[in-house]
1. Taking only region 99-143 into account, find how many residues are free of Cβ contacts under 8 Å to residues at least 60 places away in the same chain, under 12 Å from N167 (Cβ atoms) and among the β-branched types (V, I, T).
2. Looking at S208, S249, which one is surrounded by fewer than 20 Cβ atoms within 10 Å (Cβ to Cβ), over 22 Å from L14 (Cβ atoms) and out of contact with any Cys (no Cβ under 7 Å at 6 or more places or on another chain)?
3. For D163, which of the numbered conditions (1) part of a helix (DSSP H, G or I); (2) within 16 Å of ligand 1 (Cβ to nearest atom); (3) over 21 Å from V308 (Cα atoms) fails to hold?
4. Of A292, A226, which residue is small (G, A, S), free of Cβ contacts under 8 Å to residues at least 60 places away in the same chain and either within 16 Å of ligand 1 (Cβ to nearest atom) or in contact with a Lys or Arg (Cβ under 9 Å, 6 or more places away or on another chain) (or both)?
5. If you go through region 141-158 one residue at a time, do you hit one that is away from ligand 1 (no atom under 16 Å from the Cβ), of a type in the set (G, A, S) and within 15 Å of the chain's Cα centre (by Cα)?
6. Looking only at region 185-196, decide whether some residue is within 16 Å of ligand 1 (Cβ to nearest atom) and either surrounded by 18 or more Cβ atoms within 10 Å (Cβ to Cβ) or of a type in the set (K, R) (or both).
7. Any idea which residue in region 81-134 is farthest from L5 (Cα to Cα), counting only those that are in a loop (DSSP other than H, G, I, E, B), away from ligand 2 (no atom under 16 Å from the Cβ) and touching a strand residue (DSSP E or B) at 6+ places or on another chain (Cβ under 8 Å)?
Amino acid sequence: MPVSLFGRSLLTLLDFSQEEILYLLKLSKKLKNESKSGKIKRRFEGKTLAMLFEKRSTRTRCAFETAFGEEGGHPVFLSTSDIQLGGKESIEDTARVLGRMFSAIQFRGFKQETAEILAKYSNVPVYNGLTDIYHPTQALADILTLTENFGEVREKALCYIGDGRNNVATSLMIICAKLGINFTIITPDELKPYGDIRKKIDSFAEKSGAVTTVTSDIKAVEGADAVYTDVWVSMGEEAKKEERIKLLSPYQVNQKLMEMTGKKETIFLHCLPAVKGEEVTADVIDGPQSKAWDQAENRKHTIKAVMVATLVK
Ligand code: CP
Ligand code: NVA
């Protein structure tokens, strides 16, 4: 049976099969080529997208807005200082109303539960543009970037170093386990992924053959094809800044760490925004091994693929 994602929400990636993820990646490549060669279609003509933001964003907002607009759709940006969302009006009621007016909803915010409620009560596809615990559209762009550099990514080694429990690390762990990519998280004991997510990952990895490793030893970076990091303090955790700097300083990605991979062709990835001088040094992120800028561009093409797959028959 051909893959059909029509009408689906993208909330976590946990419920997407390997085949469905590969389908989205293939579609992303096709749409990227089309976009680059100016062959834009009007796939979203007559469609509307509500873009709800509780947290700030550059890439995610711009990716959704430009991808949707480029294909003739009408995106509407709604920050939570403009609309009722669990304030005067329940999230359920806002979802019901948005579902009557929009073809789909993008949500970026704090609680994962808000995205889930929006999906349950709106009856239109809901896309998670980042919550405290997941960042699924980012993970798709990350793997598209890997495939652009390595072709087949099965059995490639991706090493994430830094806060091992944040949204980016968790979504990467999920997608790698689903696709058979060997994934290592290097993080201090205090920031190791929680047991419940590890259990889910283990069941995916068993099926795909991926090896998932969690360790506090930076030597585990040896052999990595890609080294990935993210900010030490995620949005909403600002009070933890001092504690995180203390915990994570030994885990900075710098030239010395890149050399510890033992491979010259290893690439560097970062979801951005970056705090240069904290999780990564400027010479690495601005240097020749960095693919962070391709990765940022790929947010647009992968997000477009998710919307085409779920909104266009
Ligand atoms: N990577 C990412 O989600 O960037 P923004 O926070 O700018 O959207
Ligand atoms: N972990 C970061 C990702 C930003 C794209 C955050 O949540 O702030």
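1. 2
2. On the way: S208 fails: over 22 Å from L14 (Cβ atoms).
Just one listed residue meets the conditions, S249.
3. D163 satisfies every listed condition except (1).
4. A292
5. For region 141-158, residues away from ligand 1 (no atom under 16 Å from the Cβ), of a type in the set (G, A, S) and within 15 Å of the chain's Cα centre (by Cα): absent.
6. no
7. Only one residue fits best here, namely I83.
Yes/no per residue for (1) within 16 Å of ligand 2 (Cβ to nearest atom); (2) free of Cβ contacts under 8 Å to residues at least 12 places away in the same chain; (3) surrounded by fewer than 18 Cβ atoms within 10 Å (Cβ to Cβ); (4) within 20 Å of the chain's Cα centre (by Cα):
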{"site": "S37", "(1), (2), (3), (4)": "no, yes, yes, no"}
{"site": "K41", "(1), (2), (3), (4)": "no, no, yes, no"}
{"site": "T60", "(1), (2), (3), (4)": "yes, no, no, yes"}
{"site": "E65", "(1), (2), (3), (4)": "no, no, no, yes"}
{"site": "H74", "(1), (2), (3), (4)": "no, no, yes, no"}
{"site": "S79", "(1), (2), (3), (4)": "no, no, yes, no"}
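A short reminder: the numbers here are calculations on the coordinates, not readings from a lab. Since the structure is predicted, the reported quantities are computational estimates derived from the model, not experimental observations. Note that we place each Cβ from the backbone using ideal geometry, even for glycine, and neighbour counts take in every protein chain shown.
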